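Each reported figure results from applying straightforward, stated rules to the coordinates on display, with no laboratory input. Because the structure is a prediction, the values reported are computed rather than measured. Cβ sites come from the backbone with ideal geometry, for glycine too, and all protein chains shown count toward neighbours.
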Amino acid sequence: MAGAGAGSIGRYDSCSFSSRGTGRFRPLKGATPAVGAVGSLEEVEEERIETVVQEDALQKVLQAIVKVHPYEEPAIHVLKMEDYHDQLGRRA
């Protein structure tokens, strides 16, 4: 993700946060799961990665994630954030 432009905060790059957990899913008819079988509930160890992406790099970062992610349908959440630097009286 960093190679595609994710994780830039001020004078830092490659910034992210990860947490591990258990993912659950049941592939439905027509799915081609990387793990498990159609119709069977599956539990796997997963890692959630959070990072920031500037709007002009978002498409490139999303394409990079989909290209390397092993799941047929990766869970990707994009949340628009406000730039708070003006409220602090400084710029990044």
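Please enumerate the residues belonging to the stretch 3-43 that are hydrophobic (A, V, I, L, M, F, W, C), touching an Asp or Glu at 6+ places or on another chain (Cβ under 8 Å) and touching a residue at least 40 places away in the same chain (Cβ under 8 Å). So that I can check it myself, show each step before the final result.
First pass over the stretch 3-43, keeping only residues hydrophobic (A, V, I, L, M, F, W, C): 4, 6, 9, 15, 17, 25, 28, 31, 34-35, 37-38, 41.
If we keep only those that are touching an Asp or Glu at 6+ places or on another chain (Cβ under 8 Å) too, we end up with 17, 25, 31, 34-35.
Answer for the stretch 3-43, where residues must be hydrophobic (A, V, I, L, M, F, W, C), touching an Asp or Glu at 6+ places or on another chain (Cβ under 8 Å) and touching a residue at least 40 places away in the same chain (Cβ under 8 Å): just 31.
Considering only the stretch 61-92, state which residues are outside any loop (DSSP other than H, G, I, E, B) and either free of Cβ contacts under 8 Å to residues at least 24 places away in the same chain or touching a His at 6+ places or on another chain (Cβ under 6 Å) (or both).
62, 66, 67, 68, 85, 86, 87, 88
Scan the stretch 1-19 residue by residue and report those that are touching a strand residue (DSSP E or B) at 6+ places or on another chain (Cβ under 6 Å) and among the polar types (S, T, N, Q).
Filtering the stretch 1-19 down to residues touching a strand residue (DSSP E or B) at 6+ places or on another chain (Cβ under 6 Å) leaves 15-19.
Across the stretch 1-19, the qualifying residues are 16, 18, 19.
Just checking, which of 32, 22, 51 is among the hydroxyl-bearing types (Ser, Thr, Tyr), more than 28 Å from residue 86 (Cα to Cα) and in contact with a strand residue (DSSP E or B) (Cβ under 9 Å, 6 or more places away or on another chain)? It would help to see each step written out before you state the result.
Details: 32 fails: in contact with a strand residue (DSSP E or B) (Cβ under 9 Å, 6 or more places away or on another chain); 51 fails: more than 28 Å from residue 86 (Cα to Cα).
That would be 22, the only listed residue that is among the hydroxyl-bearing types (Ser, Thr, Tyr), more than 28 Å from residue 86 (Cα to Cα) and in contact with a strand residue (DSSP E or B) (Cβ under 9 Å, 6 or more places away or on another chain).
For the stretch 7-60, what are the residues that are part of a helix (DSSP H, G or I) and either surrounded by 11 or more Cβ atoms within 10 Å (Cβ to Cβ) or not charged (D, E, K, R) (or both)?
Within the stretch 7-60, 57, 58, 59, 60 qualify.
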